[in-house]
1. Which residues, taken from segment 223-239, are open to solvent by 20 Å² or more (accessible area, probe 1.4 Å) and over 23 Å from residue 128 (Cα atoms)?
2. When residues of segment 164-191 are filtered for being of a type outside the set (Lys, Arg), over 11 Å from the mean Cα position of the chain (by Cα) and either farther than 15 Å from residue 79 by Cβ or open to solvent by 30 Å² or more (accessible area, probe 1.4 Å) (or both), how many remain?
3. Out of curiosity, is residue 188 closer than 21 Å to residue 342 by Cα, in a helix (DSSP H, G or I) and either in contact with a Leu (Cβ under 7 Å, 6 or more places away or on another chain) or without any contact (Cβ under 8 Å) to a residue 40 or more places away in the chain (or both)?
4. Have a look at 211, 232 and point out the one that is without any contact (Cβ under 8 Å) to a residue 60 or more places away in the chain and under 22 Å from residue 343 (Cβ atoms).
5. Select from segment 167-202 the residues that are among the hydroxyl-bearing types (Ser, Thr, Tyr) and under 30 Å from residue 142 (Cβ atoms) and list them in ascending order.
6. State the number of residues belonging to segment 59-109 that are open to solvent by 50 Å² or more (accessible area, probe 1.4 Å) and in a strand (DSSP E or B).
7. If you check 194, 218, 199, 253, which single one turns out to be in contact with a helix residue (DSSP H, G or I) (Cβ under 8 Å, 6 or more places away or on another chain), under 23 Å from residue 327 (Cβ atoms) and either hydroxyl-bearing (Ser, Thr, Tyr) or without any contact (Cβ under 8 Å) to a residue 60 or more places away in the chain (or both)?
8. Is segment 343-350 home to any residue that is modelled with pLDDT under 65 and surrounded by fewer than 10 Cβ atoms within 10 Å (Cβ to Cβ)?
Amino acid sequence: MSPEVRPPIRIGVVGCGRIARRVHLPELARSADFVVVALADPDPASLRAASGLVPEARTHSEPAELLASGGLDAVLIASPPATHAELAIDAFAHELNVYVEKPVAVSPEEGRSIVAAWKASRRIGVVGFNYRFSPVLLEARRLVAEGTIGPLAGVRSVFTSAPRAQSLWKHNRSSGGGALLDLGSHHLDGVPFVLDREVAEVSAHLSSRRFEADTAAVQLLLVDGTPCQSLFMIGTRNEDRLEIYGNEGKIVVDRLEGSIELLPPHAGGSGPERALHHVASGLGNARRALAHDSEPSFPAALEGFADAIRRRGEAGASTAPAADIEAGLRSLELADAAERSAREGTSVTLRPLVIEPPIDPEPGPSDRA
């Protein structure tokens with residue numbers, strides 16, 4: 001019996017700016033899962049440029065027109081974050097499946113409104129935390145889950161971007177800009193995802209060098225007591241790294257290089273020898289990921305979205321690591337807690353710690369009789 005041929009999912013794209021034109025539209029055009037049937041953007045130049053990538057798609061100057069136009073199964077929202085809440089709620093009201101770029105909104109209140117609309121719609125709703133699909137981050141998640149480096153001791157992360165022309169909305173926090181929402185939201189979602197642990201406490205310091213809150217130093221305390229230090233900066237250099245320390249070694253992830261290292265506790269010790277894992281990602285030259293056109297998590301995230309739509313309501317539905325709307329809200333709540341911490345000069349508690357009793361160390365030579 002020949003495999004079932006399924007028609008492509010009819011998707012509209014709202015917001016035709018840089019991320020849509022450089023990433024989403026090319027990926028959607030290459031995908032067998034989707035057909036782009038409509039585009040919307042109030043900026044005529046952006047709309048024309050996007051239409052050149054998918055000339056068969058109809059165009060709308062107003063996003064609301066696209067959402068009400070019919071003939072759609074799903075919508076991808078890539079407009080500025082301050083518009084996400086209104087557009088996502090409207091899309092769910094039109095019974096569309098929704099992929100909304102991060103951050104899901106600009107305030108927890110807006111995020112909770114989107115969650116309510118999503119649950120009422122009974123449609124698929126995901127947030128664009130595509131790095132959950134990164135091969136190296138998935139490998140790190142597996143190594144942590146298997147206890148490869150022993151009990152967790154601490155985490156460090158850094159996500160910074162090189163200087164480049166910025167859309168004006170990125171200069172102001174009220175419109176969704178700043179390092180916490182633009183970059184940090186990925187790690188505020190990704191660290192709990194990779195470690196499979198929620199955050200109990202947040203403290204932070206924010207500063208503004210070129211524009212509002214373009215630098216953020218954040219400390220997270222996970223529910224098991226594991227500390228995490230994170231640095232997010234816009235306009236320095238491209239870097240995205242995660243270092244996970246355990247009692248029996250260390251995992252170092254460099255997403256832009258497409259590499260993951262498993263390091264022993266100390267050089268020359270009795271632990272495992274250093275191993276360098278280049279997770280297969282089809283990048284060729286991994287540094288092309290700096291331009292986002294070869295980042296493997298983007299098509300994987302869209303594939304996960306398509307799979308979830310096709311299998312909605314089925315028993316044994318997709319277990320892909322997509323971030324749903326509630327995951328987007330959790331990341332937004334962490335960013336909000338970091339901002340409150342920076343304003344008030346104190347840590348913000350989110351949930352109680354659940355710390356296991358300390359393990360007695362094995363006796364050393366001086367402790368033995």
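The values are calculated or read from the model by the stated rules, or taken from the named source; none is laboratory data. Treat the numbers as computed from the prediction; the structure is a model and nothing was measured. With ideal geometry, Cβ positions are generated from the backbone for all residues, glycine too; neighbour counts draw on all protein chains shown. Ligands, DNA and RNA are stripped out before the accessible areas are found, and what is left, the full protein with its side chains, is counted by its heavy atoms. Shrake-Rupley method; radii C 1.70, N 1.55, O 1.52, S 1.80 Å.
1. 223, 224, 225, 227, 229, 236
2. Qualifying residue count for the region: 11.
3. So residue 188 passes the test.
4. Result: 211 is the single residue among 211, 232 that is without any contact (Cβ under 8 Å) to a residue 60 or more places away in the chain and under 22 Å from residue 343 (Cβ atoms).
5. 185
6. Final tally of qualifying residues: 1.
7. The unique qualifying residue is 194.
8. No: segment 343-350 contains no residue that is modelled with pLDDT under 65 and surrounded by fewer than 10 Cβ atoms within 10 Å (Cβ to Cβ).
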